[in-house]
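FYI, it's all coordinate maths here, none of it is from the lab. What you are looking at is a predicted structure, and each value in this text was computed from that prediction instead of being measured. Methodologically, a virtual Cβ is constructed for each residue, glycine included, from the backbone with ideal geometry; neighbour enumeration extends over all protein chains shown.
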Amino acid sequence: MKKKLNLAPVFFVGPHVILFAVFILLPTIYGIYASFTKWNLMNDPVWVGLDNYKTILFDNSSTFHTQFNNGLKNTLIFVLLSVPLLIVIPLLVAVALEHKKVKGKSLIQSIIYIPGLISISAGALIWLLLFNKQLGMAGNVFGSDVSWPANQPYAWIIIIIITVWGGVGGNMIIYRASISGVAQDLYESAEIDGAGPVRRFTSITLPSIRFPLIYTFVMTTAGAFNVFGQPLMMTDGGPRQSTHVLMMYIRQLAFGNGESIAGMASAMAVLLGLIILVISALQYYVMNRNAA
Amino acid sequence: MLKKKWGFSALALVLSLSTVLAGCGKDDSKTITFWTPLTGDDGAYMDQLVKDYNATNPEIKVKHVITADMYTKISTVLNSGKGVPDLAIIHADRVPGYVKQGTLEPMTAVTTAQPEIKQDNYLPQAWSTGTIDGTQYTVPLDIHSNVMYYNKDLLKKYGAESFLDDNVVTIDEMLSLKGKLAEGDFVVNDALLGWVILGQIQNLGGDIQENGKPAVNTPVMKQAFENVKKINDAGLMTPFGEDGYLMFQSGNVLFSTDGTWSSTAHAGVEGLNFGVTNVYSNTADKFTNRSSSHLFSMFKNKDRSEEKVAGIGNFLEFIRQNSIEWAKAGQTVASKKVIESPEYKDYMQSFFTSNEKEIESLYIYTYEYYPYIAEAVDTYCGDIVRGNVDIDETLQTMQKFVEDKIAEGTSGAAK
């Protein structure tokens with residue numbers, strides 16, 4: 001019998017493939033192309049080969065070299081500070097919530113999740129007032145005499161606080177769902193054998209949720225590299241550009257005032273993308289190997 | 001065989017429908033799409049003006065679209081050629097770049113059809129901001145300025161009311177208050193500090209460009225910073241990182257250097273007894289209120305019909321006659337018909353158009369690379385004034401910053 005041509009899968013997969021190609025694949029390819037050009041977003045791009053990359057990576061006298069290095073350094077600081085907290089804190093909250101004696105689990109979960117729905121700009125205004133020396137809690141309740149956004153390490157502290165406050169909910173829900181999927185038999189057996197809560201956590205909970213853990217670790221890290229709103233709203237990249245992250249430079253170059261410098265911005269974005277790619281790959285490799 | 005044929009037909013049908021649906025759209029030949037970046041309270045006042053105009057039953061009505069991130073969207077639609085707005089409000093510093101890139105339509109057709117839309121009927125610097133090489137590309141809505149609000153109660157308390165006698169508060173006058181203020185009180189905040197610095201440059205007889213090249217690392221720029229730094233060093237400026245704007249509203253600061261548009265917010269603060277004057281200066285002979293302008297402009301759009309251009313002309317003439325509504329947003333209206341009317345005097349910002357000298361003080365930078373210089377000044381001015389960085393070193397960095405951006409930006413030929 002002649003094989004029938006089945007078009008049904010095409011109809012199901014087609015729309016997604018089209019959307020992916022139009023909104024993600026093509027822009028990505030064009031963005032990579034732009035990184036090899038001088039382009040102001042208005043007129044035709046002019047091909048300059050690797051000039052942008054050479055300037056960014058090797059021209060010590062160039063403003064763009066300085067910006068890229070400062071931006072990357074600050075981004076790395078943010079990643080190193082925020083990612084561990086965004087993994088550990090939601091995990092602890094999730095474990096605590098899963099305890100059978102906890103009442104009102106859903107209510108607590110909702111309260112912790114809601115900050116993630118608030119826009120960065122609205123949240124930032126609230127937190128800046130809280131840490132305001134004259135008007136806020138920091139000055140009036142805790143007696144802090146420091147202007148937090150204008151001094152280090154306080155500037156990083158308030159950025160991390162708002163980031164954790166807004167980001168805890170997402171990972172917590174993933175962890176809570178995965179923890180609730182762990183077989184209770186394992187805990188009961190361990191308890192019978194005399195294992196305490198810490199041992200049960202490290203030997204049963206963590207190994208059992210290793211895949212959600214890997215997923216959230218990689219996604220949280222990638223998201224942290226793309227940080228933009230918190231330093232922009234909380235400290236405007238200050239004090240002395242010490243919280244000026246790479247995405248702020250990229251956006252300013254591409255869409256700031258004055259003629260766009262989109263080629264240089266694209267090159268910085270591609271470099272950032274490569275860094276995220278390498279780190280994500282390393283994370284997968286290391287954690288999967290350890291998980292074997 | 002039948003199924004196969006039907007399958008192909010269904011696929012073709014879906015694709016056809018998609019194409020047809022994508023092509024469908026509301027007929028907009030009778031509507032002027034008007035983009036503005038007015039995402040604050042001021043957007044509501046423009047909404048009202050558009051509503052008032054449409055209420056006159058013009059042949060072509062105006063649809064006001066408040067566009068967040070408008071300039072990003074402009075670059076997107078200009079590249080694609082679709083969805084270009086018929087009319088847009090842009091800022092003064094955008095004009096030279098857009099003209100150089102060949103993206104702005106001259107206003108010739110509008111000014112020809114509407115004889116009253118001419119230089120004589122607008123504040124001179126607002127009009128000339130849109131004049132490039134003799135061609136008019138914009139029609140001004142307003143001038144919005146850096147200004148200085150003062151707290152009447154504090155001025156009285158510290159015996160400083162005489163500072164206002166000549167409408168010029170000098171830095172020396174401010175310094176004379178050193179050691180006389182109560183704990184937690186300050187002479188001036190750092191609101192819009194970058195604009196203040198750019199104003200000081202004019203007061204010192206300087207400029208931000210020399211022979212078309214950026215002039216950032218200059219004795220004048222250094223002097224401007226040092227003059228303002230004196231206030232900080234005397235302990236009279238609100239502390240670094242504090243919200244000086246809020247502190248003025250709390251009644252702890254004598255002077256606040258924010259914008260004309262802030263008068264509406266200050267007026268909403270209970271118990272704040274305030275007035276407005278010129279931004280402080282190093283000399284009593286010269287004062288400057290660094291300004292910008294909201295300008296009506298038309299981006300090149302082959303779909304803009306002659307009827308629409310005529311409709312735009314009617315709308316702009318309506319605005320020229322009726323933009324007293326815009327004064328409610330706290331802005332200095334550019335139309336002379338409005339600012340010379342009796343009712344305009346009720347608005348606080350009428351101070352800045354009350355005489356020739358005040359009008360001249362509203363300085364708009366039109367240098368092509370002003371945006372890069374403003375960015376450099378804004379990025380570093382706080383640290384310089386507070387003494388957090390070495391001033392000479394930082395001016396070098398700022399100069400390099402601007403030069404590098406200019407060098408990188410000279411790309412492509414105008415279409």
query: By what distance, in whole Å, do the Cα atoms of region A:114-202 stretch along each of the three principal axes, largest value first?
result: 56, 27, 21
task: Any chance you could give the angle, 0 to 90 degrees and rounded to 10, that helix B:2-23 forms with the longest Cα principal axis of chain B?
output: 40
MRE, 222 nm, helices only [DSSP H, n ≥ 4, -39500 (n - 2.57), over chain B, to nearest 500]: -12500 deg cm²/dmol
- prompt: Tell me, what does the Kirkwood hydrodynamic radius of region A:164-292 come to in angstroms if you use every pair of distinct C-alpha atoms?
  reply: 17.9
task: Could you run the Karplus curve 6.51 cos²θ - 1.76 cosθ + 1.60 with θ = phi - 60° over region B:182-188 and give me ³J(HN,Hα) per residue in whole Hz, x for Gly and Pro?
output: 5, 4, x, 9, 9, 6, 8
query: Taking the radius of gyration and the Kirkwood hydrodynamic radius from Cα positions alone, what is the Rg/Rh ratio for the protein assembly as shown, to two decimal places?
result: 1.02
task: Under 30 Å Cα to Cα from A:Lys4, which lysines show up? Leave out anything in the same chain fewer than 8 places away.
output: B:Lys3, B:Lys4, B:Lys5
message: Rounded to the nearest angstrom and ordered from largest down, what semi-axes does the equivalent ellipsoid of chain A get from its C-alpha gyration tensor (root of 5λ)?
response: 38, 32, 18
Reciprocal mean inverse distance between Cα atoms of region A:36-157 - Kirkwood radius, Å: 19.2
message: For the pairs B:Lys302/B:Lys336; B:Lys63/B:Lys100; A:Lys38/B:Lys73, flag any whose C-alpha to C-alpha distance is greater than 23 Å.
response: B:Lys302/B:Lys336; B:Lys63/B:Lys100
message: Please report the net charge: other residues with Cβ closer than 11 Å to the Cβ of B:Pro124, K and R +1, D and E -1.
response: -2
- line: Stokes-Einstein D for region B:282-353 (37 °C, 0.692 mPa s, Kirkwood Rh from Cα pairs), in µm²/s, comes to 224
query: Label A:Arg289 and A:Phe255 with points 7 Å out from Cα along Cα→Cβ: what is the distance between them in nm?
result: 3.9
- prompt: What angle do you read, to the nearest 10 degrees and between 0 and 90, between the alpha-carbon axis of helix B:370-385 and the longest principal axis of chain B?
  reply: 40
query: Radius of gyration and Dmax for region B:316-365's Cα atoms, expressed in Å?
result: 10.6, 30
message: Going 7 Å from the Cα of B:Lys213 along its beta-carbon direction, which residues of region B:396-410 have the amide nitrogen within less than 12 Å of the resulting point?
response: B:403
field: Simple spin-label estimate for A:Leu107 and A:Ala281 in nanometres, 7 Å along Cα-Cβ
entry: 5.0
message: Let's see if you can work this out: charge +1 on each Lys and Arg Cβ, -1 on each Asp and Glu Cβ, no other charges. What is the dipole magnitude of chain B about its Cα centre, in debye to the nearest 20?
response: 1960
message: Just to verify a number: FRET efficiency for A:Val141 and B:Asn388, C-beta to C-beta distance, R0 = 30 Å, to 0.05?
response: 0.60
Zone of B:Ala55's modelled label, taken as backbone nitrogen in region B:316-334 under 13 Å from a point 7 Å along Cα→Cβ: B:325
Point-charge dipole on Cβ atoms (K/R +1, D/E -1) for region B:62-218, about Cα centre, debye to 20: 520
- request: Note the full-extension length gain between A:Phe201 and A:Phe20 as 0.36 nm times their separation in residues minus their Cα-Cα distance, in nm to one decimal.
  value: 61.2 nm
- line: Length gained if B:Asp346 through B:Lys178 is fully extended, taking 0.36 nm per residue and subtracting the Cα-Cα distance, is 57.0 nm
query: For the residues A:Val164, B:Val50, B:Val377, what sequence is obtained by ranking on other C-beta atoms within 10 Å, fewest first?
result: A:Val164, B:Val50, B:Val377
- prompt: Among the aspartates and glutamates, which fall within straight-line cross-link reach of B:Lys222, defined as a Cα-Cα distance under 13 Å, with same-chain neighbours fewer than 8 residues apart omitted?
  reply: B:Asp207, B:Asp390, B:Asp392, B:Glu393
message: With a cut-off of 8 Å between alpha carbons and a minimum separation of six or more residues, what is the relative contact order of chain B in percent?
response: 26
Cα centroid of region A:121-190 to Cα centroid of region B:241-262, whole Å: 30
- prompt: Just from its helices, what would the mean residue ellipticity at 222 nm be for chain A, if runs of 4 or more DSSP H residues each count -39500 (n - 2.57) and the sum is divided by every residue, rounded to the nearest 500 deg cm²/dmol?
  reply: -21000 deg cm²/dmol
Candidate lysines - alpha carbon under 22 Å from A:Lys73, same-chain residues fewer than 8 apart omitted: A:Lys54, B:Lys400, B:Lys405
query: By how many degrees, between 0 and 90 and to the nearest 10, does the Cα long axis of helix B:219-233 differ from the longest principal axis of chain B?
result: 60
field: Burial ranking of peptide ranges A:106-117, A:35-46 (average Cβ count within 10 Å, highest at the top)
entry: A:35-46, A:106-117
message: Please give the Cα centre distance for region A:1-65 versus region B:79-143, rounded to the nearest Å.
response: 35
statement: Between B:Ser305 and B:Ala68, the FRET efficiency computed from the C-beta separation at R0 = 35 Å comes out, to the nearest 0.05, as 0.80
query: Check B:Arg290: other-chain or 5+ apart residues with amide H under 5 Å from its amide H, H built from backbone geometry?
result: B:Asn146, B:Gly199, B:Tyr363
task: At 24 Å minimum axial length over the Cα atoms and a Kyte-Doolittle cut of -0.5, report the qualifying DSSP H helices in chain A, or say none.
output: A:63-97, A:154-180, A:262-291
